[in-house]
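Data first, discussion second: the structure below is written as structure tokens.
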Amino acid sequence: MSSSQIKYRRPICVAILLVGTSSMALANTEYKVLENVRVVGMSPMGVGTLTELAPFQVQIFSAAELEKDKSYSVAGFLDQHGGGISLSDAQNNQLQPDIRFRGYAASPLLGSAQGLVVYYNGVRVNELFGDTVNWDLLPASSVQEMALIAGVNPIFGQNALGGAIVINSKTGFTSPSGALEFGAGSFGQRTLSVSQGAHGEHWAGFVSVEKYSENGWRDYSPTEARNLYAAVSRHDEQSELDVFFNFSDTYLKGNGAIPVGLLETERDAVFTHPDLTENQMSMTNIVYSRWLSEEVKFSSNVFYRQVYSNSFNGDGSEFEKCETPNDDFLCEDDSDELARDQFGNGVSSEFDAVNNISRRQQRSWGASAQLFWNYEVGPLNHHITVGADYLAGITDFNSQVEFANLTETRSTTGSGLYDAEGFTVLRASSTMAAAYFSDTIQLNDQLSLTAILRYNQVDVGAKDLSGERPELTADHRYTSLNGGLGLRWFLTDALSVYTGMYQSSRAPTPVELACSHPDAPCVLPNTFLADPPLKEVVARSVEWGIRGEHAGGTSIQNTVQVWSVALFSTSNRDDIHFQTVGGVSSNQGFFTNIGDTRHRGIEANSSVTSGKWLLDASYTYLDASYATAFTSFSPNHPSNIDGALRVEKGSKIPSIPAHSAKLSLGYQWTEKLSSGIGVNSSSGVYLRGDEANQDARTASYTVVSANAEYRPTKNLAFHIQAKNILNEEYERFGLYGEPDEVLDDLDNDSPRFLSPAPPRSLALRLKYSW
């Protein structure tokens, strides 16, 4: 047996065990045949009934499933229930997680290598400035259906390297009732929401208002989130018109990783603070669709979206006290050049901290149109989707670095003096235009073939508005033609196999292009200095899978089981990573094409409903590694040589676990009482900055949570939820920094910084429905 066979033997065995209880029902020879009419394809505008023929993995979650989980944002739900999903606590705020699907990130943080695309009612909500995803602006309460579409998929456009998340929201037709809910929990958690839906024969409306707040389990970490959602709809047999409005306002304190020396004594402590993000978003979009005939459906979408983001990050200073005779002043790090304020004066050496302050105003707008057509040619049935979309936006970005002092609690003061070289005033523009085509051909009752093509043109521009950094002014254009082929074969009515080959891409974002010069590193998320070109990232994948479903049982108890196993391999060409060159918290650096990376693994999911029992289980083995050797800058790494590490081919990508497993078990005790238990387990990860895999990893962990619901009447429900009931102490993210720049009295002065995960917590909720 070869070493590669040994390497994958255990993950494959685990996947087989997960679905081993499935009955394949090979004797059943009735094959699935889709109806010829009112079939809707899969695209950025929604996930329709063609999922049965999809030659890739699709997980679909309903509003009822999200309601049971009680998470404020969809990210919290995906953490526990999304197969193939892992989460990093880089910010230590539950509304600011790094979500990874098959190792590809959808993160709110500039600096993460983004690789997932998220659509909300057909609108791409990855922020244009950095392709980031603000999970605090995606409350679960407004979701009617969410699909998690695995793997490279060109139909979903930019960033669909690891997958796509497609969300459709509620309307008065889908949610015609009303509800009032409030709750309280550990660490000052408080929730309040009210919603009302109604509909007549053709008109409907839905509105919800929600507020969430908590003090945070760590010091100085309060969070508030407010959301307003409304929908007005007119539907008839031939057409549907929906107008959606979203408004969110959030105040997020996420104080991130702390030195391990501090973690050993105070898990709830913070290193420096505050680290504040304020987001305010408003979005309006209009979706219209009409059946032009029994076989042809037209759909369109127009939107306008605006996001204001303010950040305030108090941090230790990289400025040093000058050498004599200028020791009363600060100098630039590793130089004898005096730091100067906005008035041109030297800065006192008494300042030992800085405040990184930035503001972003992002405005985006766009439109899309799509035609779906069921078309028969002889014995072949074609399900054709043809579409075009256009998205444009402008980001006004400005930042400044204020000189400050650290207090006894390691918070920062204000001085009104700003680094003369730390100002950035930038206007970035982005335009994405695309045309796409897909055809799912039913070759016969058992076999279907899917072909996809998408042409993208992305224009990224930047203009320096300060007049001080003309090198930031530049324009870049990226064009790509992506596509794929997939095959789905129904062996029986209960068993099918599929395979596919796909290519997708993503163009560099404005923030990556504005921070891509190794000799002029930026300080995320603030100061940008240069704009050399970067290559676009191209992902190519091959996937194989098998799916089964079984219905049976006795006259007393019915059993339904659905399961799937997928093997996948994706290679990224010219992947873009953030290379750190220093900073107290390793936030100084630049973006660069590091070469190729590879994500390959096995994924297994199973869902069983039997009488009063409900079981969901998933397991993922993921080998995410660098396919090209390169030099990584990591000046705070204990093994660095002249601030760098040699990363060999095959080294594991940090922050991505190799093994992850999830289990949810529910039981309906009586008509009024139900309960559930959830288990989330993961192996450890290498720290960001240890791309060479020369240092320790975080420890593996298993977290157990539980919930129960009691309904004394049809309209009234009491819900109790306990998270991390075993009070497991674990970490899911780490990096390297300079603790002695702030703390010089730690017994352990290791440069490792870790983000502690939340301890045990309890929440109670009361809901009245009508």
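FYI, it's all coordinate maths here, none of it is from the lab. From a predicted model like this one, the values you see are computed outputs, not experimental measurements. Using ideal geometry, Cβ is built from the backbone for each residue, glycine included, and neighbour counts are taken over all protein chains shown.
See the values below:
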item	result
Restricting region 567-672 to chymotrypsin sites (Phe, Trp or Tyr not before Pro) in coil, as DSSP defines it, with at most 14 other Cβ within 10 Å	669
Where only C-alpha atoms are counted, convex hull volume of region 115-156 per residue in Å³	89 Å³
Qualifying aspartates and glutamates (Cα of each under 18 Å from Cα of residue 297; at least 8 residues distant if same chain)	35, 236, 237, 240, 242, 376, 389, 439
Value of Rg to Rh for region 155-292 (Rh from inverse mean 1/r over Cα pairs, i.e. Kirkwood)	1.12
For region 612-770: rounded, prolate or oblate by the Cα gyration tensor [a/c cutoff 1.5]	prolate
Between helix 3-19 and the chain: long-axis angle, C-alpha atoms, 0 to 90°, nearest 10	50 degrees
Karplus-derived 3J(HN,Hα), 6.51/-1.76/1.60, for each residue of region 425-433, Hz, glycine and proline x	10, 9, 10, 10, 10, 9, 9, 10, 10
Coil-residue trypsin sites (Lys or Arg not before Pro) of region 559-628, DSSP, other Cβ within 10 Å capped at 14	612
Rounded, prolate or oblate (a/c below 1.5 giving rounded, otherwise prolate when a/b exceeds b/c) for region 354-422 by Cα gyration tensor	prolate
515, 522, 322 arranged by Cβ crowding within 10 Å, fewest neighbours leading	322, 522, 515
Cα-based Rg / Dmax (Å) for region 70-121	10.5, 30
Links that overshoot a 25 Å alpha carbon limit, given the list 70/714; 321/463; 70/170; 70/253; 68/253	321/463; 68/253
P(r) histogram, all alpha-carbon pairs of region 381-539 included - 5 Å bins from 0, percent	2, 8, 13, 13, 11, 10, 9, 8, 7, 6, 5, 4, 3, 2, 0
Virtual spin-label span in nm between residue 699 and residue 667, 7 Å along Cα→Cβ	3.0 nm
With eigenvalues of the C-alpha gyration tensor scaled by 5 and rooted, the chain, Å	43, 29, 27
Burial ordering of 282, 415, 606, fewest other beta-carbon atoms within 10 Å first	282, 415, 606
222 nm mean residue ellipticity, helices alone, for the chain (DSSP H n ≥ 4; -39,500 (n - 2.57); rounded to 500)	-1500 deg cm²/dmol
Footprinting exposure proxy for 563, 291, 135 (fewest neighbouring C-beta atoms within 10 Å first)	291, 563, 135
Loop-located trypsin sites (Lys or Arg not before Pro) in region 664-709 whose Cβ has at most 16 other Cβ within 10 Å (DSSP)	672
For the chain, size of Cβ-based charge dipole, Lys and Arg +1, Asp and Glu -1, in debye	3520 debye
Euclidean distance of C-alpha centroids, region 225-250 and region 176-191, integer Å	22 Å
Amide H within-cut-off set for residue 319, under 5 Å, with H built and near neighbours excluded	none
Gyration tensor (alpha-carbon) shape descriptor, region 55-212, a/c threshold 1.5	oblate
Spatial separation of Cα centroids for region 472-498 and region 95-148, in angstrom	20 Å
